[in-house]
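Structure, as structure tokens:
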Amino acid sequence: MCDILITLENIGFPSLNIRKEFHLKFYDYIVALVIDGVEQEIIAPSDKDFENAVFSGKYMSHTFTKLIGTSPNGFIWFLSDSYEGSLADSAIAQYPCNSIFKLLEPWESIAVDLG
């Protein structure tokens with residue numbers, strides 16, 4: 001059994017002093033956060049407009065997508081709302097409520113994949 005239960009209430013973006021403990025040097029960059037999207041498959045909706053919105057061409061199924069931000073060693077520091085599976089990670093990151101980069105110092109970097 002796990003000693004720690006991770007809930008949304010436990011997730012919070014840490015202060016700079018805490019983030020510094022987890023920074024990762026990658027070439028000339030200081031990586032403070034790693035962000036990627038994750039998709040959760042859902043049952044195909046009967047509404048055609050909604051069905052088209054949640055269809056993920058990447059996985060050829062109907063999904064919701066979330067962005068997850070972790071420290072370089074895996075502590076979850078950010079979790080976005082759910083969005084339609086047809087949206088790319090980069091499109092979701094553009095929404096103002098997901099502007100996690102605004103919480104970082106100018107010299108801190110975010111690692112992402114090409115998705």
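The values are calculated or read from the model by the stated rules, or taken from the named source; none is laboratory data. Keep in mind that what you see is a predicted model, and the values were worked out from it rather than measured. Every residue, glycine among them, receives a Cβ derived from its backbone with ideal geometry; neighbour counts consider all protein chains shown. In case anyone asks, the SASA skips ligands and DNA or RNA and just uses the protein heavy atoms, side chains included. Shrake-Rupley method; radii C 1.70, N 1.55, O 1.52, S 1.80 Å.
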When the helix-only estimate is applied to the chain (DSSP H runs of n ≥ 4, each -39,500 (n - 2.57), divided by the residue count), what is the mean residue ellipticity at 222 nm, nearest 500 deg cm²/dmol? -3000 deg cm²/dmol
Using modelled amide H (1.01 Å from N, peptide plane; none on Pro or chain starts), what sits under 5 Å from the amide H of Ser109, excluding residues fewer than 5 places away? Ile30, Val31, Ala32, Leu33
So for the pair Lys25, Gln94, with labels modelled 7 Å out along Cα→Cβ, what separation do we get in nm? 3.6 nm
Which lysines have a Cα lying under 20 Å from the Cα of Lys58, excluding residues fewer than 8 positions away in the same chain? Lys48, Lys66
Most fluctuating residue of Asn17, Asn52, Asn73 in a GNM of the chain with Cα springs under 10 Å: which is it? Asn17
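Considering only protein heavy atoms and a probe of 1.4 Å, how much of the accessible area of the chain is carbon and sulfur, as a whole percent?
Numbers: 4740 of 8060 Å².
That fraction is 59 percent.
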Select from Ser46, Ser61, Ser71 the residue whose mean-square fluctuation is largest in a Gaussian network model of the chain (Cα-Cα springs shorter than 10 Å). Ser46
For region 5-115: relative contact order, % (alpha-carbon pairs under 8 angstrom, 6 or more apart): 30 percent
Rough spin-label spacing in nm, given labels placed 7 Å along Cα→Cβ, for Glu105 and Ser15: 1.4 nm
If the cut-off is a Cα-Cα distance under 20 Å, which lysines reach Lys20, setting aside same-chain residues fewer than 8 apart in sequence? Lys102
